[in-house]
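The values are calculated or read from the model by the stated rules, or taken from the named source; none is laboratory data. Just so we're clear, the structure is a prediction, and the values are computed from it rather than from any experiment. Ideal geometry is used to build each Cβ from the backbone, glycine not excepted, and the neighbour counts take in all protein chains shown. Only protein heavy atoms, including side chains, enter the accessible area calculation; ligands, DNA and RNA are left aside. Shrake-Rupley method; radii C 1.70, N 1.55, O 1.52, S 1.80 Å.
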Amino acid sequence: HPQGRPRAAGQAHLRLGDALRNRGDHIYAAAAYQDAIRRKPSYPEAQVNLGVTLASLGRIDEAMAAYRQALALAPGFATARFNLAGLLLSKGDTQAALHEYTAVLGGDDPQARRLAAQAIAQIRGQR
């Protein structure tokens with residue numbers, strides 16, 4: 001099936017990226033995730049993993065763009081929203097971070113909701 005090939009190739013590159021990231025090879029992992037996205041553009045998981053990898057390389061703006069792309073593809077993707085909120089907070093954009101954490105509270109991932117509630121409480125406690 002011709003449409004299955006890009007999906008399978010995208011998944012293979014996602015797994016390769018995960019293996020490389022787990023080994024600490026973040027530059028090569030980022031390239032593998034980018035290959036996965038090229039092969040399957042509507043791949044929010046690859047966008048999130050690319051964001052995590054770019055953030056670990058200190059490429060914060062690019063990581064934020066990857067999380068935003070994941071959210072454009074899957075607005076309810078709690079991991080993307082939570083990670084974006086964390087980067088916004090690290091950049092000093094508390095209001096935007098609170099907005100993203102609050103959006104996580106409306107999702108269906110119980111762990112993400114709990115972590116977002118903790119983050120919101122911590123932010124509000126620092127004010």
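The table below lists the values:
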{"item": "The listed residue being in a helix (DSSP H, G or I), under 21 Å from Ala119 (Cβ atoms) and open to solvent by 40 Å² or more (accessible area, probe 1.4 Å), out of Val52, Val48", "result": "Val52"}
{"item": "Cβ pairs under 8 Å, 6+ apart, first in region 49-77 and modelled with pLDDT of 95 or more, second open to solvent by less than 60 Å² (accessible area, probe 1.4 Å) and aromatic (Phe, Trp, Tyr)", "result": "Asn49/Tyr33; Leu50/Tyr33; Gly51/Tyr67; Thr53/Tyr33; Ala70/Phe77; Leu71/Phe77; Leu73/Tyr43"}
{"item": "Hits in region 22-45 - residues which are open to solvent by 60 Å² or more (accessible area, probe 1.4 Å), assigned to a helix (DSSP H, G or I) and touching a Leu at 6+ places or on another chain (Cβ under 6 Å)", "result": "Tyr28"}
{"item": "Contacts under 7 angstrom Cβ, first residue in region 109-126 being open to solvent by less than 50 Å² (accessible area, probe 1.4 Å), partner aromatic (Phe, Trp, Tyr), 6 or more apart", "result": "Ala112/Phe82; Ala116/Phe82; Ala116/Tyr101; Ala119/Tyr101; Ile120/Tyr101"}
